[in-house]
Amino acid sequence: MQFKINESTGKKRVNVFLTKTQLAVFNKVLEVGRTRLPQYVKFDVMTHLFSFKVLLFGFFLNIPTLLMCQDLEVTVKNIKNGKGTLIIGLFNSEKTFTKEVWKGEKLKAQPGVLKVIFKDVPPGDYAVSVFHDENENGRVDMNFIGIPREGFGFSNDAMGAFGPPPFAKAKVAVPANKTVAITLKYIL
């Protein structure tokens, strides 16, 4: 940050370098509308002091949410063997369930029970899916009629009729739940 004083007007100016993420947040806070600020920003300190206060206030509003974050422990039971890996996905919305993982873990398989902890999970509804990728190809292998050849499971041990269960059946509420147990099912 560089401060300069305009000698003719006596106004203070500041030069700021922002990352693209910081610039996007700054633009939203300022609600510039007319023009977007370039990567290299010059502005009058006194005029935008209020905007900085709003930005700081927004940051402090997030602190209670950050303080309410907790760890979510997922226990995977009934792991058949130690071949391959377990791929565990934490989903934070019905729209992205089984499509886009919010947080994920990939762990070496071991027979029996395995635990994984997702750190800093904010309050909300989540669903967990697990599959035992025995051949480590990154996907659930199916037979010719679509039945999974590898172990799989969902939070609440939910099952779908032909495919994954709906989000509503698999959802768990955080912070009400701190642990989720999933029993893997091997159909073939």
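The values are calculated or read from the model by the stated rules, or taken from the named source; none is laboratory data. As the structure is a computational prediction, the values presented were derived from the model and not from experiment. Note: ideal-geometry Cβ built from the backbone for every residue, glycine included; neighbour counts use all protein chains shown. Protein only, heavy atoms only, side chains kept; ligands, DNA and RNA dropped before computing areas. Shrake-Rupley method; radii C 1.70, N 1.55, O 1.52, S 1.80 Å.
With θ set to phi - 60° and the Karplus curve 6.51 cos²θ - 1.76 cosθ + 1.60, what are the ³J(HN,Hα) couplings of the stretch 73-87 in order, to the nearest whole Hz, using x for Gly and Pro?
8, 10, 9, 9, 10, 6, 7, 5, 8, x, 6, x, 9, 9, 10
If you keep only loop residues by DSSP, which chymotrypsin sites (Phe, Trp or Tyr not before Pro) in the stretch 88-188 have at most 10 other Cβ atoms within 10 Å of their Cβ? Write out the running numbers ahead of the final one.
Values: sites: F91, F97, W102, F118, Y126, F131, F144, F152, F154, F162, F167, Y186; in loops: F97, W102, F144, F162, Y186.
Passing sites in the stretch 88-188 are F144, F162.
What is the local net charge at A181, summed over the other residues whose Cβ is closer than 12 Å to its Cβ (Lys, Arg +1; Asp, Glu -1)?
Result for the neighbourhood of A181: +1.
Compute the accessible area per residue over the stretch 62-161, keeping the other protein chains in place, probe 1.4 Å, unit Å². It would help to have the intermediate numbers written out before the result.
Values: 5460 Å² over 100 residues.
Averaged over the residues of the stretch 62-161, the accessible area is 55 Å².
Of the accessible area of the stretch 130-188, with the probe set at 1.4 angstrom, what percent is carbon plus sulfur?
About 59 percent, which is the carbon plus sulfur part of the accessible surface.
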